[in-house]
Amino acid sequence: MTGQGALLVCIPDPIHRRMETTAVAEGLEGIVVTRTRTSLVDGAKGRLVIAGQDVESLARTTGFEAAIGALWGGEAPTAQLAEGRQRAFALLPDLGRALSEPDAMAALRGAVAQLPEAFAEQPGWIVGALGVFAAAHARARAGQAAIAPNPKNTHSADVLAMIGANSDAAHARALDAYLVTVMDHGLNASTFTARVVASTGSDLVSAIAGAIGALKGPLHGGAPGPVLDMLDAIGAPDRAEAWLTGEVVAKRRIMGMGHRIYRVRDPRAAVLEAATLELEQSGVRTDRLALARAVEHAAHDILSAKYPDRNLCANVEFYTAVLLDALGIPRSEFSAMFAVGRVAGWCAHFAEQRKEGRLIRPESLYVGPMPE
Ligand code: COA
């Protein structure tokens, strides 16, 4: 029943013993539940506006901290992010158990849930903390000790340095482009979760922990790792068509293709493809860019032949995989990196909801038995 939008359900009304019709909006598709100044997603035109700017220009011209300032309606919270990183690093000895979870999102969820109350008043600290937790988890998985943050670094440079990856200007710039690109995207499932928690009057740490739980689901933030697995399995451009045809015949979904909202290519795919190309042009070897482009084109052709009315194109996660891999971020941490960027949007929505929103409390249609 999912994917149908508002659905008219006919059920016998157990109380009145007659047929009633009730509109059930499965998945809330097409239901507008709030106003926001954060971002606009135009699925038909393939346009994403964040904080009043097209994502293409925002990601090209603005670092993560400055973009957060624009999204939150103030100055770039550079010092707050740096303080959050320092404070979160100091907490790591108490978070060993949470961060030893094999799954990066489970680790992030556990670590965030244990943040002290003071973080609930400081969104900048929480954004800083997520970078530390993601990096510490990557290090722990590799059996390595966490690396301390450096307050002189930008957030992107520091996250790369704390992972132990190359954090020079070109790499930091590319990670900035990624974090800015994914920082907000309308009322997606994790953002909605954050707003629901905010609407109850609960605190920011609880909202972020809940949002991480929603993002952990494979239908939301889980595709970039599998995209890389797919590129590895294909191996060379001339094998793409046969491999992808096999997947479609076997009724398996091609990862990184298609989107619930976009009916054209996800604009974020182009931004991340360009960021990867820029990294390549700065002299960094990005093994998979040419292969990814060939696979994208073959996948688009095959899916267009099968679903001529749908125009299934690359989504944000397709080139996320290629870019984060080129940056030396382990694929097990890709979803956590998504959270490192999206947390800025969650905080913005939390503040909006607390300022202007009502308790979010939809209704359900009871279809169970009634007492005799
Ligand atoms: N590979 C193969 N077939 C796909 C597909 C894909 N990536 N995406 C959609 N389809 C198929 C669907 O199975 C459906 O076929 P059916 O009518 O035979 O069941 C048809 O195309 C239309 O699907 P649609 O309604 O447009 O998709 P959706 O809104 O239900 O799903 C996604 C959107 C993102 C969940 C879906 O495209 C998908 O699973 N993509 C791969 C995973 C991914 O990249 N996720 C990250 C999203 S940012």
Sorted from largest down, what three extents in whole angstroms do the Cα atoms of the range 117-228 have along their principal axes?
42, 37, 28
GNM result for the chain, Cα springs below 10 Å: residue of E29, E75, E241 fluctuating most strongly
E29
Please work out the average accessible area per residue across the chain, using the 1.4 Å probe convention, and give it in Å².
47
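Hand me the chymotrypsin sites (Phe, Trp or Tyr not before Pro) from the range 300-372 located in a DSSP loop with no more than 15 other Cβ atoms within 10 Å, in residue order please.
Y366
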Taking placed amide H atoms and a strict 5 Å upper bound, the residues 5 or more places from V24 or on another chain that come that close are L7, L8, V9
Kirkwood Rh over alpha-carbon pairs of the chain plugged into Stokes-Einstein at 10 °C, 1.306 mPa s gives a D in µm²/s of 74
At q = 0.15, 0.22, 0.31 Å⁻¹, what log₁₀ I(q)/I(0) does a Debye calculation on the Cα points of the range 323-367 give, no solvent, two decimals?
-0.63, -0.78, -1.04
Whenever you get a sec, compute what percent of the accessible area on the chain sits on carbon and sulfur atoms (1.4 Å probe).
53
To the nearest whole percent, what portion of all C-alpha pairs in the range 66-171 is separated by more than 22 angstrom?
28
Work out from phi, with θ = phi - 60° and the Karplus expression 6.51 cos²θ - 1.76 cosθ + 1.60, the ³J(HN,Hα) of each residue of the range 60-77, listed in order in whole Hz, and give x for Gly and Pro.
6, 10, 10, x, 4, 4, 5, 5, 5, x, 5, 5, 8, x, x, 6, 5, x
Per residue, the convex hull enclosing the alpha carbons of the range 168-314 has a volume in Å³ of 128
Gain on full stretching of the segment that runs from A118 to A148 - 0.36 nm per residue minus C-alpha separation
8.7 nm
Mind checking which lysines have their C-alpha under 22 Å from K251, skipping anything on the same chain fewer than 8 residues away?
K306
With runs of 4+ DSSP H residues as the only contributors, calculate the mean residue ellipticity of the chain at 222 nm using -39,500 (n - 2.57) per run, divided by the residue total and rounded to the nearest 500.
-16500 deg cm²/dmol
Put +1 on the Cβ of each Lys and Arg and -1 on the Cβ of each Asp and Glu in the chain; which of L115, S206, G63 then has its Cα farthest toward the positive end of the dipole?
S206
No solvent, one uniform scatterer per C-alpha: report log10 I(q)/I(0) for the range 196-242 via the Debye equation at q = 0.28, 0.30, 0.33 1/Å, two decimals.
-0.94, -0.98, -1.06
Quick one: what are the phi-derived ³J(HN,Hα) couplings along the range 130-144, Karplus 6.51/-1.76/1.60 with θ = phi - 60°, whole Hz, x for glycine and proline?
4, x, 5, 5, 5, 5, 5, 5, 4, 5, 4, 5, 8, x, 10
Could you tell me the relative contact order of the chain? Use alpha-carbon pairs under 8 Å, at least six residues apart, and round to a whole percent.
21
Just flag the trypsin sites (Lys or Arg not before Pro) in the range 227-268 sitting in loop per DSSP whose Cβ has no more than 13 other Cβ atoms within 10 Å.
K251, R252, R253, R260
Need one number for the range 261-372: average projected area of the convex hull over its C-alpha atoms, nm².
12.9
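Mind putting a number on the dipole of the chain about its Cα centre? Charges go on the C-beta only, +1 for Lys and Arg and -1 for Asp and Glu, and I need it in Debye to the nearest 20.
340
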If you take every residue apart from A70 with its C-beta less than 12 Å away from the C-beta of A70, what net charge results, scoring Lys and Arg +1 and Asp and Glu -1?
-2
Could you give me the ³J(HN,Hα) list for the range 327-343, computed from phi with Karplus coefficients 6.51, -1.76, 1.60 and θ = phi - 60°, whole Hz, x at Gly and Pro?
7, x, 8, x, 5, 5, 9, 4, 5, 5, 5, 4, 5, 4, x, 5, 4
Alpha carbon convex hull of the range 8-149, volume per residue in cubic angstrom:
215
Give me the base-10 log of I(q)/I(0) for the range 122-175 at each q in 0.22, 0.25 Å⁻¹, Debye formula, one uniform scatterer per Cα, rounded to two decimals.
-0.78, -0.96
Max mean-square fluctuation residue, GNM over the chain, Cα-Cα springs under 10 Å, options T78, T245, T320
T245
In a Gaussian network model over the chain where Cα atoms closer than 10 Å are linked, find which of V249, V264, V227 has the largest mean-square fluctuation.
V249
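The values are calculated or read from the model by the stated rules, or taken from the named source; none is laboratory data. Because the structure is predicted, anything quoted here is derived from the model rather than measured. For neighbour counting, all protein chains shown are included, and Cβ atoms are generated from backbone atoms with ideal geometry for every residue, glycine included. Side chains are part of the model used for accessible areas, which takes the heavy atoms of the whole protein and leaves out ligands, DNA and RNA. Shrake-Rupley method; radii C 1.70, N 1.55, O 1.52, S 1.80 Å.
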